Amino acid sequence: MLTALGLADEEDVVYRVLVAHPGVRAAELTRTLAALPVGATRVVAWSEHGVAAVLHRLVGTGLALADTDFGEEPRYRATPPALALEPLLSARRDGLRQAERLIAWLTEQYQEAQSSHPGALPER
């Protein structure tokens, strides 16, 4: 469902698991993801390398945080959903409003062109 906000399928799944399992390392997260029921995710196979790449993207976009202790592998946790996802939702809403305005303008342009060109093809 978070794909509606622009997340890739695997980012959606990893973010949801991070919400439920804060402070997890990439290897632990890979095992958790691999144990999900068949059909729970569109991702066919989870590798530690693939999970680490998704975690890196989530951290880069502010959807996750990496807590590192000197010399240890980072532990990951989800950024609180209200902080992480609300801006994405707002951006999608803004985009939809812009699209609605464009559709209204295009409809006006279309109707004006049809009325000024009587020989044009009829509307369907």
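The values are calculated or read from the model by the stated rules, or taken from the named source; none is laboratory data. Bear in mind that the values here come from a model prediction, so they are computed numbers and not experimental data. Here Cβ is always computed from backbone atoms with ideal geometry, including for glycine, and neighbour counts include all displayed protein chains. For accessibility, only protein heavy atoms count, side chains too; no ligands or nucleic acids. Shrake-Rupley method; radii C 1.70, N 1.55, O 1.52, S 1.80 Å.
Database remark: amide H of VAL24 closer than 5 angstrom to the amide H of TYR76 (H placed geometrically; neighbours at sequence offset of 5 or more, or on other chains; Pro and chain starts carry no H). Taking θ as phi - 60° and the Karplus parameters 6.51, -1.76 and 1.60, the scalar couplings of the range 57-72 work out to 5, 5, 5, x, 9, x, 8, 9, 10, 10, 9, 10, 9, 3, x, 10 Hz in sequence order, x denoting glycine and proline. The charge dipole of the chain, taken about its Cα centre with unit charges on the Cβ atoms of Lys, Arg (+1), Asp and Glu (-1) only, comes to about 180 debye.
Would you work out which of GLY60, LEU96, TYR76 lies farthest towards the positive end of the dipole of the chain, given +1 charges on the beta-carbon of Lys and Arg and -1 on that of Asp and Glu, about the Cα centre? Toward the positive end, the furthest listed residue is LEU96.
Per-residue surface analysis assigns THR107 an accessible area of about 60 Å², computed on protein heavy atoms at 1.4 Å probe radius. Remark on ALA64: its backbone amide H falls under 5 Å from those of VAL59, THR79, a criterion applied only to residues 5 or more positions apart or on other chains, H modelled at 1.01 Å from N. Sequence-ordered 3J(HN,Hα) estimates for the range 79-86 from the Karplus curve with 6.51, -1.76 and 1.60 and θ = phi - 60° stand at 5, x, x, 4, 6, 7, 9, 4 Hz, glycine and proline given as x. For the range 95-108, putting each phi into the Karplus relation 6.51 cos²θ - 1.76 cosθ + 1.60 with θ = phi - 60° gives couplings of x, 5, 4, 5, 5, 4, 5, 5, 4, 4, 5, 4, 5, 4 Hz, in residue order, rounded to whole numbers and with x for Gly and Pro.
Each 5 Å bin from zero up to the one holding the largest Cα-Cα distance in the chain carries the following percent of pairs: 2, 10, 17, 16, 12, 8, 6, 5, 5, 5, 5, 4, 2, 1, 0, 0.
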